[in-house]
Amino acid sequence: MKNITIIGSGFAGLTAVRMLRKKDKIAKITLISPKAELVYMPSLIWIPSGAANKKDVVVPLGNFFRRLNVRHVSGEVIGLENDGRVVVLNNNVKIDNDALIIASGGQFIKELPGIEHTITPCEGLNAAQAIRNRIKALDSGNIAIGFAGNPKEPSAMRGGPMFEFLFGLDTQLRQEGRRDKFNITFFTPAEKPGARLGEKAVKKLLNEMKKRNINTHLGHKIKAFEADKVITEKGDIPADFILFMPGMTGNTWFDNTDLARSEGGLIKADKFCQTSLKNVFVAGDSGSFPGPEWMPKQAHMADLQAEAATHNMLDALNDKPASHTFKIELMCIVDSNYKGMYISRTMTGGLVLPNLRLFHFAKRLFGWWYLRQYR
C-alpha cells in the first residue's frame, strides 16, 4: 500500500486527493492542514455586499475526507526531514511518506512600512468581513485599492481579485445610493495593470475604471502606507480605507527543507511538477514552474498542476518516468457584483468578452457546481 502525504487543503491539495483516489483505491492518503476546510477564495468578493456569507465561502471537509478514506491531520508544517520522507509539524508530530505533494499555497510579502494599515482581501474570510465592516462604518471618504508583485517572481501575484473588489465596491456604493460621497483610486506600480491578462484586457479594465469615475495612480513605486494615505514615489494617495494585495513568496517553513528554491522564494519545479527531492512534487501557489511570465496563480491553474503532479507521483512510485505536463492557461470572470467580464489567455492567444450580466450568474453557478464535490 502506497503511503502518500499531501500538504494543504486548498484547490491543489484537494484536486490531488480526488485524482489520487480515482487512480488508486487503496493508497493511504494523509492530508495536513490547519483545519479540515476549504476556503473558496473566488466568492470572497461578494462578502462586503452581503451577496455571500460564511457558508458560501468556507466548506467543511469532514464528509469529503470520510468518503475518500483520507486521514486529516490538523497542524502547521514547520519543515521536512530525510529528503522529504518525513513531514514535521509544529506540535512535534512527524508524518512519514513514500511520496509527498506540497500544495500549501504562498505567503504574502508584508515588508512595506505601514502595511498594517491595509487589508489584504485574499487572506481569507476574516479579511473580507473586515472590508464589509469598514465600508458600513464609512459615511464618506477616500478609498484606495491596489496590488503589487514579487519583482523576483513575476508570476507570484494576484491582481485579478483586486479588480473585482474595485468594481464590486463601486457597484455596491452605487446600489446603496452613496457612491457620490466617495473617491476611489486604483494604484499599482505597473504601468499597465492586468498586463498578464493580455493587451485587450488592460484596455477593457482601464476603460471600465474611467466609465465608473475611478481615479488611477499607475506606474509609481509604492514606498509606504499610513493610516490616511498611500505613499508612492510620485506623490501620496489620500485614503481612509486601503485594500492592498502584495506579491507572494514561499512559506516560511520552506527554509527548513533541502528543496531548491526560485529567486522569488518559491519551490523550484519542472514541467512535471517535480521538485529537487525524489518523490516530492508541488502544485499551485507554492511552486515556481517553467512557463511565461503571465502564467497565473489562480485556482484553475492549481487544479491543472495538481492533476499532473498526481499522475507523475504515481508513475514515480511505479518506477515509471514522468510524462504528464499541465496546460498553461488563464481563465477568469472579473465580476462587479452585477455583471462580469470573461477573460482567457493561452499560449496561442486570448479572448476578452464584454461585461455582461450573464457572466455574473455564470460565476456564481460555477462556484456552486465546483463545491458540490467537497460538501
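The values are calculated or read from the model by the stated rules, or taken from the named source; none is laboratory data. In this text, all values refer to a predicted model and were calculated from it rather than measured experimentally. With ideal geometry, Cβ positions are generated from the backbone for all residues, glycine too; neighbour counts draw on all protein chains shown. Accessible surface areas use protein heavy atoms only, side chains included; no ligands, DNA or RNA. Shrake-Rupley method; radii C 1.70, N 1.55, O 1.52, S 1.80 Å.
If Met209 satisfies every condition in (1) part of a helix (DSSP H, G or I); (2) open to solvent by less than 40 Å² (accessible area, probe 1.4 Å); (3) more than 23 Å from Asp139 (Cα to Cα) but one, which is the exception?
(3)
What number of residues within the stretch 12-32 satisfy the criterion of being within 14 Å of Ala308 (Cα to Cα) and either touching a His at 6+ places or on another chain (Cβ under 9 Å) or part of a loop (DSSP other than H, G, I, E, B) (or both)?
Total meeting the criteria: 2.
Pick from the stretch 153-170 the residues that are touching a Lys or Arg at 6+ places or on another chain (Cβ under 8 Å) and of a type in the set (A, V, I, L, M, F, W, C): which of them is most open to solvent (accessible area, probe 1.4 Å)?
Looking at the filtered set, the residue picked out is Met157.
Which members of the stretch 94-152 meet the condition of being open to solvent by 50 Å² or more (accessible area, probe 1.4 Å) and under 30 Å from Cys273 (Cα atoms)?
Answer for the stretch 94-152, where residues must be open to solvent by 50 Å² or more (accessible area, probe 1.4 Å) and under 30 Å from Cys273 (Cα atoms): Lys94, Asp96, Asp98, Gln107, Lys110, Glu111, Glu123, Pro151, Lys152.
Anything in the stretch 212-244 that is more than 19 Å from Thr171 (Cα to Cα) and of a type in the set (S, T, N, Q)? List them, or say none.
Of everything in the stretch 212-244, just one residue is more than 19 Å from Thr171 (Cα to Cα) and of a type in the set (S, T, N, Q), namely Thr232.
For the stretch 1-59, name all the residues that are without any contact (Cβ under 8 Å) to a residue 40 or more places away in the chain and either crowded, with 24+ Cβ neighbours inside 10 Å or more than 18 Å from Asp315 (Cβ to Cβ) (or both).
Lys35, Ala36, Glu37, Ala52, Asn53, Lys55
Could you say which residue among Ala362, Ala316 is modelled with pLDDT of 95 or more and under 21 Å from Leu166 (Cβ atoms)?
Ala362
From Asp180, Asp228, Asp255, which residue is in the same structural domain as Met301 (by the TED database) and either within 16 Å of Gly149 (Cβ to Cβ) or surrounded by fewer than 20 Cβ atoms within 10 Å (Cβ to Cβ) (or both)? Walk me through how you get there before you give the answer.
Details: Asp180 fails: in the same structural domain as Met301 (by the TED database); Asp228 fails: in the same structural domain as Met301 (by the TED database).
Of Asp180, Asp228, Asp255, the one residue that is in the same structural domain as Met301 (by the TED database) and either within 16 Å of Gly149 (Cβ to Cβ) or surrounded by fewer than 20 Cβ atoms within 10 Å (Cβ to Cβ) (or both) is Asp255.
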